[in-house]
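Undergrad: My questions all concern the structure below.
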Amino acid sequence: MEEESTPTHLGKKWKNDSFHSTFEQADAIRQKLLRIWVDNPVHEGMEVKVKYMPSKNRFVVKTRRHPDFDMKPQRETKKNGKGKRRNKKNTDRTKFDPTAGF
């Protein structure tokens, strides 16, 4: 049987803010961050979540800025340099050299 591979679209990465031994402690930090960010326009679009890490038996508070709020610099379309090298004329050499003798 053939397995179809579906492309995965990964979003922006989350940063670990803090680690806690109980969910209540982690949730308190999450609520605190949300209260701080709600009135500050600098933190517009920030997200926070609590995730359980079974390998460490701990809870982690993760933060990120939502990708829609990121200011990405607009890049100008970059031209391929291949055509420029290919079409470049050698101006030092001419087709007809009148000083050349027979």
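Undergrad: Rank these for me by crowding, Arg64, Arg30, Arg58, Arg35, going from fewest to most other beta carbons within 10 Å.
TA: Numbers: Arg64 17, Arg30 21, Arg58 14, Arg35 9.
Sorted ascending by nearby Cβ count, the order is Arg35, Arg58, Arg64, Arg30.
Undergrad: So how many Å³ per residue does the convex hull of the Cα atoms of region 15-67 work out to? Don't skip to the answer; put the middle values down first.
TA: Values: hull volume 3.4 nm³, N = 53.
Expressed per residue, the convex hull around the Cα atoms of region 15-67 is 64 Å³.
All of the numbers you see were taken from the coordinates with simple rules; none came from a lab. Just so you know, these numbers come straight off a predicted model, no measurement behind them. Note that we place each Cβ from the backbone using ideal geometry, even for glycine, and neighbour counts take in every protein chain shown.
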